[in-house]
Structure formats: C-alpha cells, structure tokens
Amino acid sequence: MTSVDPYPAPGGGGSISDAEVGPAPPPSVEPLSAPAGYDGGDDPSVSLQIEITDPHRAGEGLSKHVEYVVTYWTSGLPKFASASGRVARRYSEFEWLWRALSASADGVLVPALPGKTLSAPLSDDPGSVAIERRRRDLGVFVARIARHPLMRASDDVRTFLEEKDRGAWKERVPWHERGVTSDAIRATQEFFGGAANARASSSSSASSFIDVPNAPNVTNDGIVEDARFVEIGEYVGELKQRVDALLEATTAVTKHHAGAAAAATAFAAACADLDDAELRACANFRAMDGASATVPIRWSAASALFAASAAPSDALADAVADAFREPLRAASALCASATHARDRRRQLVDAYNKLCAEISAIDAKIVALGVPELGSPKRMERDALELRASDARIARTHLGGRYSRAVLVSDRELCWFHGALAASMGDALKAYVASHGAAAGRAARALADAREGLRDATAAPPDAFLPPR
C-alpha cells in the first residue's frame, strides 16, 4: 500500500500513518442488519468496515481531550482514495459526522450517537470504564453507518475517514448545520444562501443519496403529510418513551439484585464477627464452670448461609445487566434514530409550507404594485420582490425533492426498524430468561449446600444454640 503523509494528532500527540494499516481483523461488532431494497445494498463486492480502538489523550491544558484511532477497510466504494486508512478522531468529530448525515440523509435512520457527558475525572482518562464504554458505543455507531448502503456511500463518511486536514473538513458545513426550520425568506437567504447556492446544494451529498420525482402530495400550495406516516410517527414516539421506561425499570431491578447481594454479604460478615466472639466466650465459659460440653451458637453456619445467597444475587445482577439492560440500551438508541428521522421529515414539511406561504405573500405584494414605471422606486421594489420570489421557488423545489426522497426512504427504513427492534428485543428476552434461570439454579445449589451445615445445628432448637444449663 502506498504510504501517505502521517496525520499529526493535536497537541503534539503521536502520528498515525496509512502505512500501518494491515488486513481487516474480524469485526469487533456483531453483524448488524440493514434496510433492504436499495440498489447495490446486497452486493457482496461492496463493503466498509470501521474499527474504533486505542483511546488516548491528546492536547495539553484546557485543550486536553481524548482521541480514538479510527481504522477503515473498504472495497467497491469508488469515492475512497485508498482501500484502507487510519486517522485520529475526537468525540466532537463524531458529532460532526452525525450532524452531517442527519442533515443530508433524508429519511434515513442515522444511528444515535452515544451521550457526550462523562463524570470528571473520568472524562479524560483513556483507561476508565466510561471511556471504554464510549469506545464500544462509537464502534456500534460507525458499524451501523458502514453497513447502510446509503450512508457508507456518503461524501461525509469519506471525509470523516480520509481527510487529514482537520481545519478544512470541519469547516464543510454549508447548509448541514443550519437546519430547515428557519423562517421562509430567511431560509431562502441564509439556509440556501440565495438562488446560486440553492442550485449548488441540489448536487450536494443530500441529493446524491437517491433521486426521485416529487411525491404526489407535494404541490405549490404546500405538503399535507400522509396520515399513515403521522400515525406511525406517533407510535415511534410512544415506543421510545416506553422502551426508556423499561430500561429505567431494568436498571432498578439490577440495582435491587446488587443491593440484595451487598446486604447478604454484610449480614454474613456480621455473623462471622459474632462467631469469633462466640468462640472466645465459650472458651471462657468452660474455664469458669469446668463444663466440657458447652455448645456454641452456630453463627458460622448463618454466615455461610448468607454468604452463599450473596453470590447468586450478585451474579443475577450481572446477568440482568449483560443480557437485558445492554440490549435495551441498543433498542433505545434505535428508537432515538427513528424519532430523529421522523422529526427531520416533519421539519422538511414545515419549511416547505412556510416557503409556500411566503411565496403567496410576495406574489400578492407584486400584484398590488401593478406595473410601475421603469426606474421608479416601486419598480425597484417590484424587481426585488420578484427576485425574492424566484429564490424562494428554487428553495421550495429543492425542499420538495428532499421531502420526496425522505418519503421513499422512510418506508424502507421504518419497516426495517420495526423488524430490527423486534429481533433485538426477542433476543434480549431469550437471553434474560436463560441467564435468570441459570442464576436461579446457582442460587438454589448454593443455598442447598449452605443449609446442610445449618440443618444439624437446628435439629433440636433452641437447645443447640444455647450453652447447656
């Protein structure tokens, strides 16, 4: 492979060179499904694998932060300059990729980005559990992008993976970061930057995803959203809330089992302390009255019983977390992607309808002005209004195309989302039942063994627990 100039990490950190990239390792993220129906989506010759490794500190002082090594391998994607490469990226640059894809991939369920906030002092400790979890979550984030037929072909993904000049690619934010909810004419002037920029943006990464004719409900008077999509959108929003509630309840169950284990351990420790005191007391009793048959209170048996019950409870807490809570986190992230895609489509409708209303208002003003004389102030006002109306119509056409693409893509994406969520939840439930059963079996065996030692001591209660009279 041809070596390229090393990529300097900020703050004097180490360099990362494409020459260091070897063959692709086995994927660190389990195979993920992707929506079907896209051209070339099932072509085995087209692939992209991205791995996130080696979190490390970069920068100094106030600019100190954590970076991750991002390595990729690709085939069949002609936009990439190399079949593999490696760069360093910080969290804010993953955010840039998410924002860029969210703005350009109309209708696509862009994977949710893991949360940004970490508790100090762990936020800049590459070896912390929090950073390791973020690395894993970022790995799932890029794996979903790499698996998706539209997102992996995006210019934004290629820029994120290949561009060495941070300053250049981080400034590539024409209309990506300006949204679609600004007021109509301000949207025309700022969001699209006038007619020239609107025409230029029509060939940008947004329209490169898929090109379709306008949907039937796109007219010059506005867009009336499909009732079926509105209902599905409400379902998706409610589903997100309920999955989050389930995740919160599962976290509570995990804490309950962990708390029970901690309580049993503390009780066992207290019984063990009592057993030490009991042995010393019995020795003194024998010395005082010469009794040789003093029966000690069996605190040791009680300690063993509660110690045995602590381990299964702790194991059950881990089982709930690993088998159910983590898949629920993934399900919540999937729901977040669906709600975000729904909201973006709503924003396109709102922006389109605002432009339609503004165009109607401008046209009314133009009609009211009539045909003023050339060079008169009213003629200049009319010319300015006609230019604004022209820009607004270009912007409306562009938004109509984006909405139509979103409609076509949304149907595929939401159907895939429902199936992927059902499969994920089904696997989580099966894993939870299996792990819960295994933990319950371990608990039963441990308690049965512990009770053997206690059974003899309790054969003739309460005399067995008291010194002889």
- [ ] Enter the mean projected area of the convex hull around the alpha-carbon atoms of the range 228-386, in nm², rounded to one decimal.
- [x] 18.2 nm²
Task: Radius 15 Å from Cβ of P25, net charge of other residues (Lys, Arg +1; Asp, Glu -1) - done: -3
TODO: Check the straight Cα-Cα distances from K240 and name the lysines below 25 Å, setting aside those fewer than 8 residues away within the same chain.
DONE: K116, K255, K430
Task: Accessible area of M151 in the full protein assembly, 1.4 Å probe (Å², nearest 10) - done: 0 Å²
- [ ] Could you tally the net charge around G233, taking each other residue with its Cβ under 14 Å from the Cβ of G233, Lys/Arg +1 and Asp/Glu -1?
- [x] -3
Task: Per-residue HN-Hα couplings for the range 318-334 [Karplus 6.51, -1.76, 1.60; θ = phi - 60°; Hz; x = Gly/Pro] - done: 5, 5, 4, 5, 6, 8, 10, 5, 5, x, 5, 4, 5, 5, 5, 5, 5
Task: Mean separation of Cα contacts under 8 Å (6+ apart) over length of the range 299-398, as relative contact order % - done: 25 percent
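The values are calculated or read from the model by the stated rules, or taken from the named source; none is laboratory data. Not measured: the values here are computed from a predicted model. Ideal geometry is used to build each Cβ from the backbone, glycine not excepted, and the neighbour counts take in all protein chains shown. Just the protein is used for accessible areas: all its heavy atoms, side chains included, with ligands, DNA and RNA removed. Shrake-Rupley method; radii C 1.70, N 1.55, O 1.52, S 1.80 Å.
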